[in-house]
Amino acid sequence: MQSISAGSPHADPMLYPLLFPHGETGWHYNLRQEGIRRNEVRLRNSMKEFASSRLAIRYTGTNSNGNEGHTFSLIHAGGFLLQQYICDQYVRVEANNLRYLRDHQKALFADAYQGLLDHINQQLRLDEIDPVGRRTILPSTFLGGPRWPEIVDNIPCWLKATDRPDLVARVFHAKLKELMRDITVNKVFGNVDAYVYTIEFQKRGLPHAHILIILDEDM
């Protein structure tokens with residue numbers, strides 16, 4: 001048995017031979033930018049860019065290299081296999097981003113958060129037990145972070161979201177109402193018999209909701 005790294009060009013064609021029928025190579029760490037997108041800063045092609053290129057709709061070719069002239073797109077005709085491929089690519093992109101953040105903590109000035117870590121350790125008494133794992137600081141630009149564009153776009157550059165709790169509350173309330181409407185009225189999960197939620201606020205002043213939904217058992 002031989003393990004293949006997620007960054008190997010052979011990972012995708014060996015895992016999805018039906019989507020790479022001609023032995024095309026998949027994404028790898030040394031994949032270079034081509035054409036006008038390549039400059040002194042953007043030398044390598046990211047995993048997200050590679051997956052987006054493969055999934056782009058084209059009216060000629062099979063979305064693979066060396067197969068121009070055909071109108072049949074093999075990857076888009078993959079059905080459930082295509083859905084599995086998309087899920088795997090998303091997981092790989094997220095894992096690759098987290099790996100980068102873990103290995104570049106100094107570049108993210110993670111040491112500046114030492115005071116906050118000491119406060120958390122003291123409040124939760126984490127120093128009294130053997131630590132498990134290693135803490136990693138995620139930047140605010142990480143997907144799923146605390147920044148909402150509706151808030152950032154409506155405050156001056158010298159303010160932070162925590163400086164405008166009124167704006168944060170309005171945006172959060174609008175998003176929560178739309179979410180509950182999708183659940184109860186649009187029934188995205190099915191018929192709802194009952195629901196309850198509670199709103200909590202983080203130390204940074206940003207709210208979040210815990211929602212419990214009871215669906216119709218006959219669904």
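The values are calculated or read from the model by the stated rules, or taken from the named source; none is laboratory data. A quick note: this is a predicted structure, and the numbers were derived from the prediction, not measured. Cβ atoms come from the backbone with ideal geometry, glycine included; neighbour counts cover every protein chain shown. Side chains included, ligands, DNA and RNA excluded: accessible areas come from the protein's heavy atoms. Shrake-Rupley method; radii C 1.70, N 1.55, O 1.52, S 1.80 Å.
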Does residue 40 count as modelled with pLDDT under 60, part of a loop (DSSP other than H, G, I, E, B) and not hydrophobic (A, V, I, L, M, F, W, C)?
no
Of the listed residues (141, 162), the one being assigned to a helix (DSSP H, G or I) and either closer than 29 Å to residue 100 by Cβ or modelled with pLDDT under 75 (or both) is 162
Restricting attention to segment 35-57, report how many residues are open to solvent by 80 Å² or more (accessible area, probe 1.4 Å) and within 25 Å of the chain's Cα centre (by Cα).
7
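Can you go through 199, 213 and tell me which one is more than 24 Å from residue 152 (Cβ to Cβ) and either open to solvent by 60 Å² or more (accessible area, probe 1.4 Å) or not charged (D, E, K, R) (or both)?
Testing whether each residue is more than 24 Å from residue 152 (Cβ to Cβ) and either open to solvent by 60 Å² or more (accessible area, probe 1.4 Å) or not charged (D, E, K, R) (or both) leaves just 213.
Of everything in segment 8-22, what is part of a loop (DSSP other than H, G, I, E, B) and out of contact with any Pro (no Cβ under 6 Å at 6 or more places or on another chain)? Give them in sequence order. Reasoning before the result, please.
So the first thing to find is which residues in segment 8-22 are part of a loop (DSSP other than H, G, I, E, B), and the list is 8-10, 16-22.
Scanning segment 8-22 gives 8, 9, 10, 16, 17, 18, 19, 21, 22.
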